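S.K.: Dropping the structure in here first, questions after.
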Amino acid sequence: MSKSRLASITRRRFLRDTSLALAAASATPMLSAPFASRAMADTKTLTIVQWSHFVPAYDKWFDKFAADWGKKNQIEVTVDHIPVQDVAARAAAEASAGSGHDLFGWNGAGGAHLYRKFLVDLTDLVESVEKKYGKATIIGKQLGYNLDDHTWSAFPDYYINFPAMYRKSLWDGIGMTPDTWDDIRIGGAKLKAKGNPVGISLGHSNDPNTTWRGVLWSYGGAVQDETGKTVELDSKGSVEAVKFVTALYKEAMTPNVLSWSDASNNQYIDSGVSSLIINPISAYRTAQQLNKKVADDIFVMKPPKGPARRLMGGAAEFYGVWKFAKNREAAVDFLKYYADNWLDAFKASSGYNNPIFTNMVPKPMPLLSDDPTSTPHDKLAVLQTSDEWSAVPGYPGPATPATDEVYNDFIICDMMAKAATGAMTAEESVKWATQQCRAIFDKWQHKA
């Protein structure tokens with residue numbers, strides 16, 4: 001069984017028992033301030049878990065940063081890095097057990113809202129950061145902000161954009177630029193015939209969860225309406241989006257995309273085979289290390305335009321502090337210090353981590369506006385405004401436990417794959433996905 005499938009199964013098992021778990025969490029007594037302080041003094045530890053970053057240099061920087069902070073504060077800090085596909089299952093296990101790390105880092109979706117009753121209120125922290133570095137962006141508010149009472153149940157760290165990355169020489173060779181999704185289908189078919197297919201995953205992971213939402217929105221479809229109360233997936237725009245993906249898969253892509261992980265498309269373009277992928281700049285950064293000739297030929301642009309709009313899904317990283325954490329105060333203090341040094345984190349990620357707070361990184365942004373390692377040096381400049389063409393899963397409505405569960409269950413990915421492989425027609429796959437989404441929305445509305 002694949003890790004992503006195991007994560008999905010574990011997630012669903014947890015959700016079946018969520019009523020009991022949430023009730024238990026609500027009954028968990030809050031530590032009094034004196035007790036929390038004594039616990040902090042006694043344990044002298046802080047435990048953190050987060051995904052293994054696709055820019056390895058960032059993890060090295062973070063581990064040293066955390067260790068140095070710990071030494072200054074006489075706290076032993078341990079950081080565990082786990083594969084991104086295992087994050088949802090780990091969160092479910094820790095919440096169910098009422099035991100785990102002090103500070104939990106989510107990537108993608110499914111933390112701040114699904115586990116709200118398990119998490120410490122971080123409103124004071126977020127508001128203090130906003131006073132220093134500007135308001136959290138719309139994307140940031142999707143990550144941990146609660147509309148009902150205007151609180152924050154998580155600290156929004158950064159979002160990950162998904163631009164188009166294409167081999168310029170290959171597209172120049174057919175006299176095209178991949179500006180629209182239809183350009184990619186038509187040009188991709190020509191390049192596939194030359195041995196250079198388009199590579200976009202149709203498996204279970206973050207990349208397809210973001211990319212196929214981008215296609216859905218670009219064709220006028222969406223999971224929910226602006227209020228977040230109504231599932232509106234069964235629409236003409238959604239059907240057209242699925243028909244497009246089916247044609248793209250058959251005409252322009254390799255069939256291997258059905259089993260790809262998030263690393264697969266990076267490896268595909270870095271190898272010199274693929275003509276185009278949709279991916280964060282980690283693929284480009286890796287190519288710079290492995291094959292400079294290929295890297296120089298990889299160009300970055302806004303996501304392709306569809307009939308309705310130009311918009312792409314974004315993944316997100318945010319931190320939650322469990323109510324059952326042994327060292328909650330240290331976790332919050334660490335986040336305060338981390339926020340004050342966030343520009344260093346941005347640089348350590350080589351520009352991969354995109355800021356949530358409006359003034360956190362000055363513009364023109366270092367590493368993106370004039371990168372001395374890139375040819376040309378302004379190749380990545382388009383990423384400075386990626387918040388204008390990026391959205392997280394709740395678009396056009398708010399993020400909720402329902403939208404997080406739809407994301408974690410890969411319903412949009414499966415909707416596209418079922419039609420692409422011929423298991424269903426486009427209309428059938430949209431109706432199937434709509435039924436799945438409505439069942440999830442109904443469940444959460446009854447719990448509200």
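The values are calculated or read from the model by the stated rules, or taken from the named source; none is laboratory data. Since this is a predicted model, take the numbers as computed values, not measurements. All Cβ positions, glycine included, derive from the backbone under ideal geometry; neighbour counts span all protein chains shown. Just the protein is used for accessible areas: all its heavy atoms, side chains included, with ligands, DNA and RNA removed. Shrake-Rupley method; radii C 1.70, N 1.55, O 1.52, S 1.80 Å.
S.K.: Could you point to the label whose value was computed as Cα extents along the principal axes in Å for the structure here, given (i) 65, 48, 44; (ii) 69, 51, 39; (iii) 58, 49, 46?
M.R.: Derived directly from the coordinates: (ii).
S.K.: How far is helix 411-420 tilted, in degrees, relative to the longest principal axis of the Cα atoms in the chain, given as a value from 0 to 90 rounded to the nearest 10?
M.R.: 20 degrees
S.K.: Mind pulling the angle between the C-alpha long axis of helix 87-97 and the longest principal axis of the chain? Nearest 10 degrees, somewhere in 0 to 90.
M.R.: Computed tilt is about 30 degrees.
S.K.: Around ASP296, with a cut-off of 12 angstrom between Cβ atoms, what is the net charge of the other residues, counting Lys and Arg +1 and Asp and Glu -1? List each step's numbers first, then the result.
M.R.: Details: positive: ARG167, LYS168, LYS292, LYS293, LYS379; negative: ASP297.
Local charge sum for ASP296: +4.
S.K.: Can I ask one more? So how tilted is helix 33-43 from the main axis of the chain? Cα-based, degrees 0 to 90, rounded to 10.
M.R.: Between helix and principal axis, roughly 80 degrees.
S.K.: Follow-up question, since we're still on this one. Which links in LYS60/LYS379; LYS243/LYS292; LYS71/LYS135; LYS141/LYS250; LYS305/LYS336; LYS135/LYS302 stretch past 29 Å when you go from one Cα to the other?
M.R.: Table pairs above 29 Å Cα-Cα are LYS243/LYS292; LYS71/LYS135; LYS141/LYS250; LYS305/LYS336.
S.K.: Would you calculate a helix-derived [θ] at 222 nm for the chain, using -39,500 (n - 2.57) for each DSSP H run of n ≥ 4 and dividing by the full residue count, to the nearest 500?
M.R.: Calculated mean residue ellipticity at 222 nm is -14500 deg cm²/dmol.
S.K.: Report, for the chain, the % of DSSP beta bridges that are antiparallel, rounded to 5.
M.R.: Working: 24 of 38 bridges.
If we restrict to bridges inside the chain, about 65 percent are antiparallel.
S.K.: Rounded to the nearest whole Å², what accessible area per residue is found for the chain with the 1.4 Å probe?
M.R.: About 40 Å² of surface per residue is accessible.
S.K.: Sticking with this structure for a sec: Share of the chain's accessible area from carbon and sulfur, percent, 1.4 Å?
M.R.: Working: 9380 of 17700 Å².
Ligands and nucleic acids excluded, carbon and sulfur give 53 percent.
S.K.: Which order do you get for LYS447, LYS135 if you rank them by accessible area with a 1.4 Å probe, largest at the top?
M.R.: On the way: LYS447 80, LYS135 135 Å².
From most accessible down to least: LYS135, LYS447.
S.K.: Also: In nm, to one decimal, how far is the modelled label at ASN73 from the one at ASP121, with both set 7 Å along Cα→Cβ?
M.R.: 2.2 nm
S.K.: May I pose another question? To the nearest 10 square angstrom, what accessible area does CYS413 show with a 1.4 Å probe?
M.R.: Ignoring ligands and nucleic acids, CYS413 comes out at about 0 Å².
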